[in-house]
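The values are calculated or read from the model by the stated rules, or taken from the named source; none is laboratory data. All figures in this text were calculated on a predicted structure; none of them were measured in a lab. Ligands, DNA and RNA are stripped out before the accessible areas are found, and what is left, the full protein with its side chains, is counted by its heavy atoms. Shrake-Rupley method; radii C 1.70, N 1.55, O 1.52, S 1.80 Å.
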Amino acid sequence: MQIHHTIESLRAARASAGKVAFVPTMGNLHEGHITLMKQAREHADTVIASIFVNRLQFGAGEDFDRYPRTLRADCEMLEAAGVGHVFAPDETVMYPQPQRYVVQPAAAHVSILEGEFRPGHFGGVATVVLKLLNIVQPDVALFGKKDYQQLMVLSNMVRELALPVEIVAGDTVRAADGLALSSRNGYLSAEERAEAPNLHRVLARVRDAVRAGDHDLLKLETEAMAELAARGWVPDYIAVRRRADLQPALHLDDALVVLAAAKLGRTRLIDNLEI
(Lines give C-alpha, C1' and ligand atoms only; values in the text may rest on other atoms or scores of the structure.)
Protein backbone atom coordinates (compact mmCIF):
# COMPACT_ATOMS: atom_id res chain seq x y z
CA MET A 1 0.00 0.00 0.00
CA GLN A 2 1.26 3.44 -0.92
CA ILE A 3 0.61 6.59 1.12
CA HIS A 4 0.44 9.88 -0.77
CA HIS A 5 0.64 13.32 0.79
CA THR A 6 0.50 15.35 -2.41
CA ILE A 7 -1.98 15.61 -5.26
CA GLU A 8 0.78 15.02 -7.80
CA SER A 9 1.86 11.75 -6.18
CA LEU A 10 -1.71 10.47 -5.94
CA ARG A 11 -2.52 11.34 -9.54
CA ALA A 12 0.63 9.64 -10.79
CA ALA A 13 -0.36 6.45 -8.97
CA ARG A 14 -3.94 6.67 -10.15
CA ALA A 15 -2.82 6.69 -13.80
CA SER A 16 -1.88 2.99 -13.61
CA ALA A 17 -4.49 1.86 -11.08
CA GLY A 18 -7.14 0.63 -13.54
CA LYS A 19 -10.73 0.86 -12.39
CA VAL A 20 -10.73 2.71 -9.07
CA ALA A 21 -13.14 2.65 -6.14
CA PHE A 22 -12.73 5.55 -3.73
CA VAL A 23 -13.70 5.83 -0.05
CA PRO A 24 -13.19 9.26 1.53
CA THR A 25 -12.80 9.38 5.32
CA MET A 26 -11.70 11.71 8.10
CA GLY A 27 -9.63 8.94 9.70
CA ASN A 28 -10.01 7.55 13.22
CA LEU A 29 -11.27 4.48 11.43
CA HIS A 30 -13.53 1.75 12.79
CA GLU A 31 -15.05 -1.45 11.44
CA GLY A 32 -17.72 0.48 9.56
CA HIS A 33 -15.05 2.14 7.45
CA ILE A 34 -13.25 -1.14 6.91
CA THR A 35 -16.47 -2.80 5.76
CA LEU A 36 -16.79 -0.05 3.13
CA MET A 37 -13.20 -0.69 2.02
CA LYS A 38 -13.89 -4.39 1.59
CA GLN A 39 -17.09 -3.60 -0.31
CA ALA A 40 -15.12 -1.23 -2.52
CA ARG A 41 -12.81 -4.07 -3.57
CA GLU A 42 -15.81 -5.75 -5.20
CA HIS A 43 -16.29 -2.80 -7.55
CA ALA A 44 -12.82 -2.07 -8.89
CA ASP A 45 -9.24 -3.14 -9.51
CA THR A 46 -7.84 -0.71 -6.96
CA VAL A 47 -9.22 0.89 -3.80
CA ILE A 48 -8.09 4.39 -2.89
CA ALA A 49 -8.99 5.82 0.52
CA SER A 50 -8.48 9.36 1.70
CA ILE A 51 -7.87 10.59 5.24
CA PHE A 52 -8.49 14.29 5.73
CA VAL A 53 -10.18 16.13 8.60
CA ASN A 54 -12.05 18.79 6.66
CA ARG A 55 -12.25 22.10 8.49
CA LEU A 56 -14.95 23.39 6.13
CA GLN A 57 -17.62 21.04 7.45
CA PHE A 58 -17.16 21.87 11.13
CA GLY A 59 -19.17 24.67 12.66
CA ALA A 60 -18.23 27.03 15.46
CA GLY A 61 -17.89 25.15 18.73
CA GLU A 62 -17.75 21.72 17.06
CA ASP A 63 -14.96 19.22 17.58
CA PHE A 64 -12.51 20.02 14.75
CA ASP A 65 -9.56 20.58 17.06
CA ARG A 66 -10.19 17.51 19.21
CA TYR A 67 -11.19 15.17 16.38
CA PRO A 68 -8.76 12.23 16.71
CA ARG A 69 -5.91 12.07 14.20
CA THR A 70 -4.72 8.45 14.08
CA LEU A 71 -2.95 8.16 10.73
CA ARG A 72 -0.54 5.34 11.58
CA ALA A 73 -3.22 3.05 13.04
CA ASP A 74 -5.60 3.96 10.21
CA CYS A 75 -3.06 3.01 7.56
CA GLU A 76 -2.41 -0.33 9.22
CA MET A 77 -6.14 -1.09 9.12
CA LEU A 78 -6.43 0.03 5.50
CA GLU A 79 -3.51 -2.08 4.37
CA ALA A 80 -5.00 -5.13 6.08
CA ALA A 81 -8.29 -4.43 4.27
CA GLY A 82 -6.62 -4.51 0.86
CA VAL A 83 -6.56 -0.78 0.12
CA GLY A 84 -4.00 0.04 -2.55
CA HIS A 85 -3.42 3.74 -1.99
CA VAL A 86 -4.10 6.26 0.78
CA PHE A 87 -4.34 9.97 0.06
CA ALA A 88 -3.47 11.77 3.30
CA PRO A 89 -2.97 15.46 2.53
CA ASP A 90 -2.61 18.23 5.07
CA GLU A 91 -4.51 21.49 4.90
CA THR A 92 -1.80 23.23 2.89
CA VAL A 93 -2.30 20.66 0.14
CA MET A 94 -6.09 20.67 0.12
CA TYR A 95 -6.49 24.39 0.77
CA PRO A 96 -3.29 26.16 -0.32
CA GLN A 97 -5.35 29.34 -0.37
CA PRO A 98 -8.74 30.18 1.14
CA GLN A 99 -11.43 28.05 -0.53
CA ARG A 100 -13.52 30.82 -2.09
CA TYR A 101 -15.19 28.64 -4.73
CA VAL A 102 -17.55 26.32 -2.89
CA VAL A 103 -20.50 24.02 -3.54
CA GLN A 104 -23.89 25.31 -2.41
CA PRO A 105 -26.28 22.33 -2.19
CA ALA A 106 -30.00 22.77 -2.79
CA ALA A 107 -31.50 24.70 0.11
CA ALA A 108 -34.40 22.28 0.44
CA HIS A 109 -31.93 19.46 1.03
CA VAL A 110 -29.67 21.16 3.57
CA SER A 111 -31.97 23.43 5.59
CA ILE A 112 -33.59 20.44 7.29
CA LEU A 113 -32.56 17.80 9.83
CA GLU A 114 -28.75 17.94 10.18
CA GLY A 115 -28.61 21.17 8.18
CA GLU A 116 -30.91 22.92 10.63
CA PHE A 117 -28.59 22.17 13.52
CA ARG A 118 -25.29 22.35 11.60
CA PRO A 119 -25.63 25.30 9.19
CA GLY A 120 -22.99 25.24 6.47
CA HIS A 121 -22.04 21.63 7.21
CA PHE A 122 -23.21 20.14 3.92
CA GLY A 123 -21.67 22.90 1.86
CA GLY A 124 -18.34 22.02 3.46
CA VAL A 125 -18.89 18.30 2.86
CA ALA A 126 -19.92 18.78 -0.76
CA THR A 127 -17.00 21.10 -1.47
CA VAL A 128 -14.35 18.75 -0.12
CA VAL A 129 -15.93 15.68 -1.74
CA LEU A 130 -16.11 17.41 -5.13
CA LYS A 131 -12.46 18.39 -4.75
CA LEU A 132 -11.46 14.85 -3.76
CA LEU A 133 -13.39 13.37 -6.68
CA ASN A 134 -11.57 15.74 -9.03
CA ILE A 135 -8.22 14.74 -7.52
CA VAL A 136 -8.78 10.97 -7.42
CA GLN A 137 -11.01 10.65 -10.52
CA PRO A 138 -12.52 7.35 -9.37
CA ASP A 139 -14.98 5.20 -11.27
CA VAL A 140 -16.93 4.39 -8.09
CA ALA A 141 -17.21 6.19 -4.74
CA LEU A 142 -18.66 4.63 -1.60
CA PHE A 143 -20.43 6.37 1.29
CA GLY A 144 -22.14 4.86 4.32
CA LYS A 145 -25.87 5.07 4.99
CA LYS A 146 -25.29 6.11 8.60
CA ASP A 147 -24.82 9.65 7.29
CA TYR A 148 -28.06 9.37 5.33
CA GLN A 149 -28.54 13.04 4.54
CA GLN A 150 -24.92 13.34 3.45
CA LEU A 151 -25.40 10.39 1.10
CA MET A 152 -28.51 12.04 -0.38
CA VAL A 153 -26.77 15.40 -0.87
CA LEU A 154 -23.68 13.87 -2.48
CA SER A 155 -25.69 11.55 -4.74
CA ASN A 156 -27.69 14.53 -5.98
CA MET A 157 -24.54 16.60 -6.48
CA VAL A 158 -22.94 13.88 -8.59
CA ARG A 159 -26.07 13.41 -10.67
CA GLU A 160 -26.86 17.08 -11.24
CA LEU A 161 -23.25 18.01 -12.04
CA ALA A 162 -22.92 14.97 -14.35
CA LEU A 163 -19.78 13.73 -12.61
CA PRO A 164 -18.46 10.51 -14.16
CA VAL A 165 -18.59 8.46 -10.96
CA GLU A 166 -21.03 5.87 -9.63
CA ILE A 167 -22.14 6.36 -6.03
CA VAL A 168 -22.52 3.17 -3.98
CA ALA A 169 -24.20 3.19 -0.56
CA GLY A 170 -22.88 0.99 2.22
CA ASP A 171 -25.17 -0.30 4.96
CA THR A 172 -24.66 0.97 8.50
CA VAL A 173 -22.38 -1.28 10.54
CA ARG A 174 -23.47 -1.80 14.14
CA ALA A 175 -22.03 -3.12 17.36
CA ALA A 176 -23.65 -6.25 18.78
CA ASP A 177 -25.96 -4.11 20.93
CA GLY A 178 -27.20 -2.12 17.93
CA LEU A 179 -25.18 1.08 18.30
CA ALA A 180 -24.13 2.44 14.91
CA LEU A 181 -20.35 2.49 14.68
CA SER A 182 -19.00 6.03 14.64
CA SER A 183 -15.68 7.70 15.29
CA ARG A 184 -17.44 9.90 17.83
CA ASN A 185 -18.47 6.89 19.94
CA GLY A 186 -15.01 7.16 21.44
CA TYR A 187 -16.12 10.31 23.24
CA LEU A 188 -18.70 8.37 25.28
CA SER A 189 -18.07 7.52 28.93
CA ALA A 190 -18.64 3.92 30.01
CA GLU A 191 -22.07 4.85 31.38
CA GLU A 192 -23.00 6.73 28.21
CA ARG A 193 -21.81 3.86 26.04
CA ALA A 194 -24.17 1.53 27.90
CA GLU A 195 -27.06 3.94 27.27
CA ALA A 196 -26.21 4.75 23.64
CA PRO A 197 -27.87 1.69 22.00
CA ASN A 198 -31.25 3.04 23.09
CA LEU A 199 -31.13 5.46 20.17
CA HIS A 200 -31.30 2.50 17.80
CA ARG A 201 -33.98 0.79 19.89
CA VAL A 202 -36.21 3.88 19.80
CA LEU A 203 -35.79 4.16 16.03
CA ALA A 204 -36.58 0.46 15.62
CA ARG A 205 -39.85 0.91 17.51
CA VAL A 206 -40.85 3.78 15.22
CA ARG A 207 -39.94 1.72 12.17
CA ASP A 208 -41.88 -1.29 13.39
CA ALA A 209 -44.93 0.82 14.26
CA VAL A 210 -45.07 2.34 10.77
CA ARG A 211 -44.63 -1.08 9.18
CA ALA A 212 -47.48 -2.36 11.36
CA GLY A 213 -49.79 0.33 10.02
CA ASP A 214 -49.49 3.23 12.47
CA HIS A 215 -49.50 6.24 10.16
CA ASP A 216 -49.67 8.99 12.80
CA LEU A 217 -46.08 9.98 12.14
CA LEU A 218 -46.14 13.12 14.27
CA LYS A 219 -47.31 11.11 17.28
CA LEU A 220 -44.61 8.50 16.74
CA GLU A 221 -41.92 11.15 16.38
CA THR A 222 -43.10 13.07 19.45
CA GLU A 223 -43.29 9.95 21.63
CA ALA A 224 -39.83 8.83 20.52
CA MET A 225 -38.35 12.24 21.33
CA ALA A 226 -40.01 12.19 24.75
CA GLU A 227 -38.67 8.72 25.50
CA LEU A 228 -35.11 9.76 24.74
CA ALA A 229 -35.48 12.94 26.78
CA ALA A 230 -36.77 10.91 29.72
CA ARG A 231 -33.61 8.80 29.53
CA GLY A 232 -31.38 11.87 29.77
CA TRP A 233 -30.77 12.55 26.10
CA VAL A 234 -31.16 15.95 24.46
CA PRO A 235 -32.78 15.07 21.11
CA ASP A 236 -32.48 17.43 18.14
CA TYR A 237 -34.93 15.53 15.95
CA ILE A 238 -36.58 12.23 15.21
CA ALA A 239 -38.27 12.39 11.83
CA VAL A 240 -39.88 10.01 9.35
CA ARG A 241 -39.09 11.23 5.84
CA ARG A 242 -39.05 10.15 2.21
CA ARG A 243 -35.80 8.41 1.38
CA ALA A 244 -35.40 10.17 -1.97
CA ASP A 245 -35.15 13.75 -0.70
CA LEU A 246 -35.81 13.62 3.07
CA GLN A 247 -38.91 15.76 2.71
CA PRO A 248 -42.04 14.97 4.74
CA ALA A 249 -43.91 11.91 3.52
CA LEU A 250 -46.85 12.83 1.29
CA HIS A 251 -48.01 9.30 0.56
CA LEU A 252 -47.79 6.31 2.85
CA ASP A 253 -46.54 4.16 0.00
CA ASP A 254 -43.41 6.36 -0.31
CA ALA A 255 -40.13 4.65 0.56
CA LEU A 256 -39.44 6.03 4.03
CA VAL A 257 -36.60 6.36 6.53
CA VAL A 258 -36.67 7.41 10.17
CA LEU A 259 -33.72 9.58 11.20
CA ALA A 260 -32.52 10.87 14.55
CA ALA A 261 -29.90 13.07 16.14
CA ALA A 262 -29.50 13.47 19.88
CA LYS A 263 -26.88 14.46 22.40
CA LEU A 264 -25.84 12.08 25.13
CA GLY A 265 -23.67 14.04 27.51
CA ARG A 266 -21.32 16.05 25.30
CA THR A 267 -21.53 13.63 22.37
CA ARG A 268 -23.97 14.07 19.52
CA LEU A 269 -25.03 10.80 17.87
CA ILE A 270 -26.97 10.26 14.66
CA ASP A 271 -28.67 7.17 13.33
CA ASN A 272 -31.39 6.09 10.91
CA LEU A 273 -33.38 3.05 9.82
CA GLU A 274 -35.07 2.53 6.49
CA ILE A 275 -38.73 1.57 6.80
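Tabulated data for the structure shown
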| quantity | calculated |
| --- | --- |
| Candidates H30, H251, H200, ranked by Gaussian network fluctuation over the chain, Cα under 10 Å, top entry | H251 |
| Solvent-accessible heavy-atom area per residue, rounded to whole Å², over the chain at 1.4 Å | 47 Å² |
| Radius, Kirkwood style, for region 77-136 when every pair of distinct Cα atoms is counted (Å) | 13.6 Å |
| Computed Rg/Rh of region 142-181, alpha carbon atoms with Kirkwood Rh | 1.12 |
| Accessible carbon and sulfur surface of the chain relative to its total accessible area, %, 1.4 Å | 51 percent |
| Cα shape, the chain, gyration tensor, a/c 1.5 rule | prolate |
| Ellipticity estimate at 222 nm from DSSP helix runs (n ≥ 4, -39,500 (n - 2.57)) divided over the chain, nearest 500 | -11000 deg cm²/dmol |
| Region 117-214 - Debye-derived log10 I(q)/I(0), Cα point model, q = 0.11 Å⁻¹ | -0.48 |
| Euclidean distance between Cα centres, region 207-228 to region 82-156, Å | 32 Å |
| Helix axis angle, 148-160 relative to the chain longest principal axis, alpha carbon, degrees | 50 degrees |
| Normalised contact order of the chain, rounded percent, pairs of Cα under 8 Å and 6 or more residues apart | 17 percent |
| Debye log10 I(q)/I(0) at q = 0.24 Å⁻¹ for region 65-167, Cα point scatterers | -1.43 |
| Amide proton proximity set for H4, modelled H, under 5 Å, gap of 5+ | V86, F87, A88 |
| Sequence-separation-based contact order of region 35-132, relative, with Cα cut under 8 Å and 6+ spacing, percent | 38 percent |
